[in-house]
Amino acid sequence: MASASSACPHVPPARPWLHLHALTPRLTPQLLRPRVGDVLVVTSPKCGTTWVQQIVHQLRSRGSMDFEEISIPVPWIEMAHDLGQDLDAEQGFTPRAFKTHCWYDHCPKAKGAKYIVVVRDPHDVALSFFSFFQGWFFEAGEVSLDEFIRGFWLARGVPASPMQNASYFHHLVSWWQHRTNPDVLFLFYEDLKADLPAHVAKIAAFLELDDAEARCKTAVEHSTFEFMSKHSSHFDERHSKIARNAACGLSANAGLTNGKVRDGRSGAGRLGVCVCVGVCVYVSISVP
């Protein structure tokens, strides 16, 4: 595996968060062989991944909260090797469900598999990403929001390998071109916030679940901000953090108190994120 300095020679060695993609020994997503009926929750990071993992799991399990952390029953395919998870194994409920941050080109595909793609206002994504890393890879005041956005979030581009994530914008465009595919359900985070019951019902219909009305009622109750906050330890991604900490040279407990269930507001990023998100997006992409 390439060292951080060789993989990212343009960033200071004192910024380990800038080399996260290079330092994380993830299993390549192609090693998942999707089956007919499998569902993959697909997002760029901080676009509602955990939320939709919970919705899908609550729908298929009829409300089971008998799990330690959501990425155990709904594995994150890029981290499965690190966590000792067998991606070919049966799961406790059907359909089998997975999480991934893969852009379209690197996402495991199979005829009959289903893909729930969630996108979010990039201002809010950038702010959420910054908040998620603050207290984990750097302490408050060590890195400015502007430095983080320019040096990490906007600096991403086309992934050089399946070990890397595409930029938010490349990820969005790669999936946008397939939004009308019958095996793709394209959702907006803001719409989920505006009408959770309607979108839980839409997900249930996409998954072709029986007894959908009863399933949806419980899934909505268990996917509210209030419920997930009360059960925040189920959504803290601690197993993946511990695995990443070792790879990134951080202490074993780094970031374990930095949870994922926040206020989930829409539009907050527009107040705090500088105009570089709207003006300095230098990736050369085009939307058909």
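The values are calculated or read from the model by the stated rules, or taken from the named source; none is laboratory data. Bear in mind the structure is a predicted one, so any value in this text is a computation, not a measurement. For neighbour counting, all protein chains shown are included, and Cβ atoms are generated from backbone atoms with ideal geometry for every residue, glycine included.
Numerical summary
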| quantity | calculated |
| --- | --- |
| Tabulated pairs, the stretch 151-166, first farther than 14 Å from Pro122 by Cβ, second in a loop (DSSP other than H, G, I, E, B) and among the charged types (D, E, K, R), C-beta under 6 angstrom, 6+ apart or interchain | Met163/Arg26 |
| Residues satisfying the stated conditions in the stretch 112-146, i.e. acidic (Asp, Glu) and touching a residue at least 24 places away in the same chain (Cβ under 8 Å) | Asp121, Asp124, Asp146 |
| Filter result (buried (at least 18 other Cβ atoms within 10 Å of the Cβ), outside any loop (DSSP other than H, G, I, E, B) and modelled with pLDDT of 85 or more) within the stretch 132-151 | Leu145, Phe148, Ile149 |
| Residue that is nearest to Ser167 (Cα to Cα) [pool: residues in the stretch 49-68 that are modelled with pLDDT of 95 or more and part of a loop (DSSP other than H, G, I, E, B)] | Phe67 |
| Any hit, the stretch 34-45, residues being buried (at least 18 other Cβ atoms within 10 Å of the Cβ), part of a helix (DSSP H, G or I) and modelled with pLDDT of 65 or more | no |
| Residue count for the stretch 40-82, restricted to those that are at positive phi and not charged (D, E, K, R) | 2 |
| Criterion (more than 16 Å from Val39 (Cβ to Cβ), touching a helix residue (DSSP H, G or I) at 6+ places or on another chain (Cβ under 7 Å) and surrounded by 17 or more Cβ atoms within 10 Å (Cβ to Cβ)) met by exactly one of Leu207, Leu172, Leu196, Leu187 | Leu196 |
| Residue check for Gly157: in a loop (DSSP other than H, G, I, E, B), among the small types (Gly, Ala, Ser) and touching a helix residue (DSSP H, G or I) at 6+ places or on another chain (Cβ under 7 Å) | yes |
| Of residues in the stretch 167-210 being of a type in the set (Asp, Glu) and in contact (Cβ under 8 Å) with a residue 24 or more places away in the chain, the one nearest to Ile116 (Cα to Cα) | Asp183 |
| Residues satisfying the stated conditions in the stretch 165-209, i.e. under 26 Å from Ser61 (Cβ atoms) and among the hydroxyl-bearing types (Ser, Thr, Tyr) | Tyr189 |
| Test: residue in the stretch 110-126 that is modelled with pLDDT of 85 or more, closer than 23 Å to His239 by Cα and touching an Asp or Glu at 6+ places or on another chain (Cβ under 8 Å) | no |
| Any hit, the stretch 257-269, residues being modelled with pLDDT of 70 or more and not basic (Lys, Arg) | no |
| Candidate set from the stretch 74-92 (those that are charged (D, E, K, R) and closer than 16 Å to Arg244 by Cα); member that is surrounded by the fewest Cβ atoms within 10 Å (Cβ to Cβ) | Asp82 |
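For (1) in a helix (DSSP H, G or I); (2) buried (at least 17 other Cβ atoms within 10 Å of the Cβ); (3) modelled with pLDDT under 75, each residue gets a yes or a no:
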{"residue": "Thr218", "(1), (2), (3)": "yes, no, no"}
{"residue": "Ser229", "(1), (2), (3)": "yes, no, no"}
{"residue": "Lys241", "(1), (2), (3)": "yes, yes, yes"}
{"residue": "Ala252", "(1), (2), (3)": "no, no, yes"}
{"residue": "Val277", "(1), (2), (3)": "yes, yes, yes"}
{"residue": "Ser284", "(1), (2), (3)": "no, no, yes"}
